[in-house]
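Notes for the one structure printed next.
The values are calculated or read from the model by the stated rules, or taken from the named source; none is laboratory data. All of these numbers come straight from a predicted model, not from anything done at the bench. Backbone-built Cβ (ideal geometry, glycine too); neighbour counts: all protein chains shown. Ligands, DNA and RNA are stripped out before the accessible areas are found, and what is left, the full protein with its side chains, is counted by its heavy atoms. Shrake-Rupley method; radii C 1.70, N 1.55, O 1.52, S 1.80 Å.
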Amino acid sequence: MHAVESISSQREVEDLIKARYPLLYLVSSEESRVEKLLKEIARNREMRLEVWSVTEGFKTLFGGQAKRDIYDPFKALEYVAAGEGRGLYILRDFHPFLKEPKVVRKLRDLGDLLRQGQKHLFILSPVQTMPPELEKTLTVIDWDLPNRGEIEGIAKKLFLQIPEVSRQKIQDEPGYMERVVEAALGLTEVEAENVFAKSVVRTKTFDISTIIGEKKQIIRKSGILEYYEAVEDVEDVGGLEILKDWLQKRRHAFTARAREFGLPLPKGILLIGIPGTGKSLTAKCVGSMWGMPLLRLDVGKIFSGLVGSSEENIRKVIKTAEAIAPAVLWLDELEKGFSGTGSSNFSDGGTTSRVFGSFVTWLQEKTSPVFVIATANNVHQLPPELLRKGRFDEIFFCDLPAREERKQIFGIHIRRKKRDPQNFDLDRLAEVTPDFSGAEIETVVTASLYDAFDENSDLDTDRLQRSIGDIVPLAVTMREVIESMREWAKTRARSASAKGQTPAKRTRLQSAGEAIIDNTERKLEI
């Protein structure tokens, strides 16, 4: 099996026909679109084009109007072998018959025969099923989904159906049509036509939220990825100012204007840190901040009991994410999914290692606009290959919030409970929670609200302080682990917070500065 990846499937097929490749496997669910393009190739090269299906037999799409009642798959191959002259033959949904030994053997026999007669056989199927006997015989091509130009052409056809007032608004807003086209990337030709039409009927314009909603269907069908409805806002994240600023500066980095300016596509970030410090919350906010679909991947769902299915699952995840790009792909608690790569050859026959290898290779080499956000609580369980330069744009360490950040987090959660933070002593609350994470502060507010409701009173500072005394923070029970993570992050990660430098890090930097001064003074004395 020769897998072919190219920027243009049509161009690739034309080149393979010129090179006399006899047997090709086209993976696509867009039968009509693929056949239309193959018909164009047949016309340009003056070749006959016939298509077969188990329900209709053979019919000629170009070079005549014949129809032949041949429904048996083996006899269909015999008909192709006996055909005269130069021709292209398409077998629709032929993959179930590749389990029959007689059919597989006949396909292998056809290789040299078709090459000599300048005939080409295409298996056209939405799924790839490949018996080992045909791996060296068939050339596999994943047919491209409609590109930006094709989607734009579909949109322009329906643009005239929009009322004139709405058309004028679209034209007056800079970059709106570009965002509409980007929202529809990853849809098939028919899906794009349908969703544009639905948007026009429903809203009398091209509504981006309606178009993005259509992509949810693709995600649901994958069975592994989850489309996350981003309702969080960046204002819901307390602290982490450096991280939020980094993300804010890249909110337009996927536009054509950014490409023209010379900016590369952002690859992704790895968020490492103490549990409850806002890593997952930040990941949820990126989708709404950038106006892109947010896909959540549970790494555990990739691994399946069937041999080879885990590797196929990671390829399916990558293909689905790239199909609906631009998108944000969120991998939560990454270390739990890939922590066993070192012993994979002994524990699972190397499955985890192969899946992990496919993922990091894609991270390194991907050119599609898929931004990856991975989070991890225990950096010591992460494979070292994942931390190598080039996998992610940046590695951020999320430490416990500083005093001012805790004030901000208390204010956010009190406001969420429909109370005014100005009625609370936030300074006192921040002062008595030095080891609390953002998640633990949320727990304090929620627990206090339950107590107030039970006692038929309202939330106040004293009640919050009593709840603080009932909680032993994770930073106390796992102090050694947290200090170890901080030590690792000093030289290997960037602080996510402007006030996130630990005292140990400040001391180290001050010591380094004092050493430089001392060394300079000694040189002056000499």
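For R494, the solvent-accessible surface computed with a 1.4 Å probe is close to 100 Å², ligands and nucleic acids excluded.
Counting only residues 5 or more places away or on other chains, whose amide H sits under 5 Å from the amide H of F62 once H atoms are built in the peptide plane? Here L49 satisfy the definition. Distance between the 7 Å Cα→Cβ label points at L160 and Q422: 5.8 nm. For segment 120-193 versus segment 356-388, the spacing of their alpha-carbon centroids is 28 Å. When a 1.4 Å probe is rolled over the protein heavy atoms, the share of accessible surface on the chain that falls to carbon and sulfur comes to 50 percent. Distance between the pseudo-spin-label points of D435 and H380 (7 Å out from Cα toward the beta carbon): 1.8 nm. Computed about the Cα centre, the dipole magnitude for segment 423-478 is approximately 140 debye when only Lys and Arg (+1) and Asp and Glu (-1) carry charge, each at its Cβ.
For L474, the solvent-accessible surface with a 1.4 Å probe is about 50 Å², rounded to the nearest 10.
Assuming R0 = 25 Å, can you tell me the calculated FRET efficiency for the pair L387 and L263, based on Cβ-Cβ distance, to the nearest 0.05?
Values: r = 24 Å, r/R0 = 0.98.
Computed FRET efficiency for L387 and L263: 0.55.
Per-residue surface analysis assigns K319 an accessible area of about 110 Å², computed on protein heavy atoms at 1.4 Å probe radius.
R86 label point, 7 Å along Cα→Cβ, cut-off 19 Å on backbone N: hits in segment 43-61? Inside the label zone: 43-51, 61.
Given contacts defined as C-alpha pairs under 8 Å and at least six residues apart, what's the relative contact order of segment 216-285, whole-number percent? Mind showing how you got there, number by number?
Working: 36 pairs, mean separation 25.9, N = 70.
37 percent.
The stretch between D245 and V190 holds 15.9 nm of extra length on full extension. This uses 0.36 nm per residue minus the Cα-Cα distance. Full extension of the chain between E394 and T446 yields a length gain of 15.3 nm, computed as 0.36 nm times the residue separation minus the alpha carbon distance. Rounded to whole Å, give me the distance from the Cα center of segment 434-493 to that of segment 23-37. Taking the Cα centre of segment 23-37 as reference, the centre of segment 434-493 is 57 Å away.
Ignoring ligands, DNA and RNA, what accessible area per residue does the chain give at 1.4 Å, in Å²? Could you put the intermediate results ahead of the total?
Values: 26520 Å² over 526 residues.
Heavy-atom SASA per residue in the chain reads 50 Å².
With a cut-off of 8 Å between alpha carbons and a minimum separation of six or more residues, what is the relative contact order of the chain in percent? Walk me through the numbers on the way to the answer.
Values: 772 pairs, mean separation 63.8, N = 526.
Relative contact order here is 12 percent.
If R0 equals 22 Å, the separation of the Cβ atoms of R415 and S209 corresponds to a calculated FRET efficiency of about 0.25.
Once you have the Cα-Cα distance between H252 and R108, take 0.36 nm times their residue separation minus that, and quote the gain in nm to one decimal.
Details: separation 144, 0.36 × 144 = 51.84 nm, distance 5.08 nm.
Length gained between H252 and R108: 46.8 nm.
Of all chymotrypsin sites (Phe, Trp or Tyr not before Pro) in segment 1-81, which ones are in loop regions per DSSP and have a Cβ with at most 16 other Cβ atoms within 10 Å?
Values: sites: Y25, W52, F58, F62, Y71, F74, Y79; in loops: Y71.
In loop regions of segment 1-81 (DSSP not H, G, I, E or B), the sparsely surrounded chymotrypsin sites (Phe, Trp or Tyr not before Pro) are Y71.
Checking every one of the GluC sites (Glu not before Pro) in segment 106-197 against DSSP loop status and a limit of 14 other Cβ atoms within 10 Å picks out E135.
Overall form of the chain: prolate. Here a/c, set by the Cα gyration tensor axes a ≥ b ≥ c, is 1.5 or more, and a/b is the larger of a/b and b/c. When you filter the GluC sites (Glu not before Pro) in segment 410-490 for DSSP loop state and at most 14 other Cβ atoms inside 10 Å of their Cβ, you are left with E455.
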